[in-house]
Structure formats: C-alpha cells, structure tokens
Amino acid sequence: MSNAPFHAPPTVFPNHLTLMVQDMEKQKQFYTKQLGLTVIQESQTELYLGANGEDALLTLKTTAGVADKSPRQLGLFHVAFLLPNRELLGQLVYHLLENNYPVQGASDHLVSEAFYLADPEGNGIELYADRPAASWSYHSGQVVMATERLDVDGLLAVREQAPFSVLPTHTRIGHLHFHVHNLDDIRHFYENGLGFAVMTTYGDQALFMAQANYHHHLAFNLWAGTNAPRRSERQIGMISYSLMYQMSTPAHKR
C-alpha cells in the first residue's frame, strides 16, 4: 500500500540528508550498486543521489583530511529509506543478501517491516516498508509499535522477482533517527516550534515524533550517552538534513 496519506499536503517530513564522507568513490559504489540510488549530479567533492531519477534524497560531500567518527557521537543514528511496498523491499534485501552485503538486523515493528545495515563508513541505514495504515493500532493518541522477530523468509517469498537495479520511483526518506543529549529540549522544539506530535516513546530513552498520525518522521535517543561528543566539521557523519513543508493547494474558485 502506498504511504501517500502521510506524505501528502499538509504535512512536514524529512526529504534530504547530507553526509560528510572519507572515500567518495567507495561510498558512491555502495549507494549506487548496493542500494540502487542514481546519480543526479556529481563533482570531485559532491555527489547528489536520488531514487530512479527523482529529486535528490542524499548528498555526499568530502574534503581533505576527513577523520573517522567517534565510537559514540551525537548526530545520525540512521537514515530510513521507505520503499513503496513489501515486494520491492524484499527485492532489495534479496539483492543485498545475494551480494553478501552484511545486514545487521531485521525487525517487525507492527507498523512496518525493517532491515538494518550500515554504509562502508558506518552510517546507519534502515530499509523498510509500511504495513497498511488501517492495520495500525493507537492507544491514548499514540501509535503501538514493537520490535519483534521479522518473518524474513515470508518477505523474500513475495519479493518482486525481477533482478534489482535501481531504487524504485517513490522511494523516499521515511524517517531520520538521531543520537541526542536531551529529549525534553528536543520535544519542546519539534512539538511547539514545528508542530510535530509525540507518537510513542521507549521509556525515557527514545522519542518518536511525526505529523499526520504517521508512526514517526523523526526519532531521537539517548543511547550514545550523556557525554557523547558532537561531530566536528571534518568528521564522517551527518552535516545537515532538510524538512519538506507541503501545503495543500486551494481549490480554484469558479
């Protein structure tokens, strides 16, 4: 089922991520050959990547002297690419497994089916497909989510059978998940400043927020620790991300 109701006007959702990388060619090979993103524009220091020729979802940048990231560091936990349906998710996962690319985990979150991995420089990635929204449960205004064992064999059994080459059209960034220092400050900013709602929490350690009753467009956790350092300008990791603000188009008067 399409995720269109959650990413149609009026709503706000993440639509682009920029990463600093060390080895541009190695990262390009991963994101194009393994994940199937397509090159939109490139130079020696910048690479813009999208899904099947659509607008850029990801920008990679590099410069001289880029350093490794700290073992525990504030910033990106993972970027989650939302595929249009589970058949196409299964096709991509089968491609990764066939190419022996290491998948770090797979989970059934009730609202979605997800696989976890990292790019060659350790940036976290989630690949997922939503279950039909009609099957989601809500309790006291919050969505019911869990982390359960995923039926990987069942997903692969219904995969699109054509060989995988590129990410399908309408693949988008479904959500972004971050390591942060303080959940109260984060909640205040996104709730009161940008109009996001708290959709669920994971004890006092993680916060999931969204617009339009989606399960989450943004997530934040304290798992890096209270003393986790911020990323420096010349370290691997997230430089920035952007939010798309879509307004409904008023009907023309006759």
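Within the set of other residues whose C-beta is less than 11 Å from the C-beta of Val111, count the net charge using Lys and Arg as +1 and Asp and Glu as -1.
Numbers: positive: Arg131; negative: Asp108, Glu113, Asp130.
Here the count lands on -2.
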- Most fluctuating residue given options Asn52, Asn100, Asn221, as computed from a GNM of the chain linking Cα atoms under 10 Å: Asn100
- Item | Estimated vicinal HN-Hα couplings, Hz - region 218-232 in sequence order (Karplus 6.51, -1.76, 1.60; Gly, Pro = x) | 9, 9, 9, 9, 9, 5, 6, x, 5, 9, 4, x, 7, 5, 7
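Counting Lys +1, Arg +1, Asp -1, Glu -1, what net charge surrounds Gln73 among other residues with beta carbon under 14 Å of its beta carbon?
Working: positive: Lys69, Arg72, Arg230, Arg231, Arg234; negative: Asp68, Glu121, Glu233.
With Lys, Arg at +1 and Asp, Glu at -1, the neighbours total +2.
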- Query: Per the Debye formula with a single identical scatterer at each Cα and no solvent contribution, what log10 I(q)/I(0) holds for the chain at q = 0.12, 0.14, 0.18 Å⁻¹?
  - Reply: -0.72, -1.00, -1.63
- Note on the structure: Across all Cα atoms of region 42-115, Rg and the largest Cα-Cα distance (Dmax), in Å, are 15.7, 44
- Note on the structure: Under the Karplus relation with 6.51, -1.76 and 1.60 and θ = phi - 60°, whole-Hz ³J(HN,Hα) for region 39-55, x at Gly and Pro, equal 6, 9, 7, 8, 9, 5, 10, 9, 9, 9, 10, x, 9, 6, x, 6, 4
- Query: What number, rounded to the nearest 500 deg cm²/dmol, is the helix-based mean residue ellipticity at 222 nm of the chain, given -39500 (n - 2.57) per DSSP H run of at least four residues and division by all its residues?
  - Reply: -3000 deg cm²/dmol
- Listing Tyr31, Tyr48 by rising number of other beta-carbon atoms within 10 angstrom, fewest first, gives Tyr48, Tyr31
- Expected vector for region 147-154, Karplus 3J(HN,Hα) from phi with 6.51, -1.76, 1.60 and θ = phi - 60°, integer Hz, x for Gly and Pro, equals 10, 10, 5, 8, 7, 5, 4, x
- Query: Which residues in region 143-173 have a backbone N closer than 13 Å to a point placed 7 Å from the Cα of Asn100 along the Cα-to-Cβ line?
  - Reply: none
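Provide the three semi-axes, in whole Å and in decreasing order, of the ellipsoid equivalent to region 119-254 as defined by the square roots of 5 times the Cα gyration tensor eigenvalues. Can you show the working numbers first?
Numbers: eigenvalues 138, 116, 76 Å².
In descending order, the three semi-axes are 26, 24, 20 Å.
Using Cβ counts within 10 Å as a stand-in for footprinting exposure, how do Thr169, Thr18, Thr11 rank, fewest first? Mind dumping the intermediate values first?
Details: Thr169 11, Thr18 16, Thr11 20.
The most exposed by this proxy come first: Thr169, Thr18, Thr11.
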- Task: Mind checking which of Gln34, Leu57, Leu88 is farthest towards the positive end of the chain's charge dipole, using Cβ charges of +1 (Lys, Arg) and -1 (Asp, Glu) about the Cα centre?
- Result: Leu57
- Item | Residues Trp136, Trp223 arranged by fewest to most Cβ contacts within 10 Å | Trp223, Trp136
- Item | Nonlocal amide H pairs with Asn52, under 5 Å, H built at 1.01 Å | Thr38, Leu167
- Summing Lys, Arg as +1 and Asp, Glu as -1, what charge do residues with Cβ under 10 Å from the Cβ of Gly174 carry, Gly174 excluded? -1
- Picking from Asp130, Asp119, Asp153, which is most flexible by a Gaussian network model of the chain using Cα springs under 10 Å? Asp153
- Message: List the residues, sorted by chain then number, that are 5 or more residues from Gln235 or on another chain and whose placed amide H is less than 5 Å from its amide H.
- Response: Ala67
- Given GluC sites (Glu not before Pro), DSSP loops and at most 16 other Cβ atoms within 10 Å, the longest exposed-site-free stretch of the chain is 55-159
- Item | Within region 193-212: backbone nitrogen closer than 16 Å to the Gln246 label point (7 Å, Cα to C-beta) | 210-212
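All of the numbers you see were taken from the coordinates with simple rules; none came from a lab. Being a predicted model, the structure only gives us computed values, none of them experimental. Neighbour counts are summed over all protein chains in view; Cβ atoms, including those assigned to glycine, are modelled from backbone coordinates with ideal geometry.
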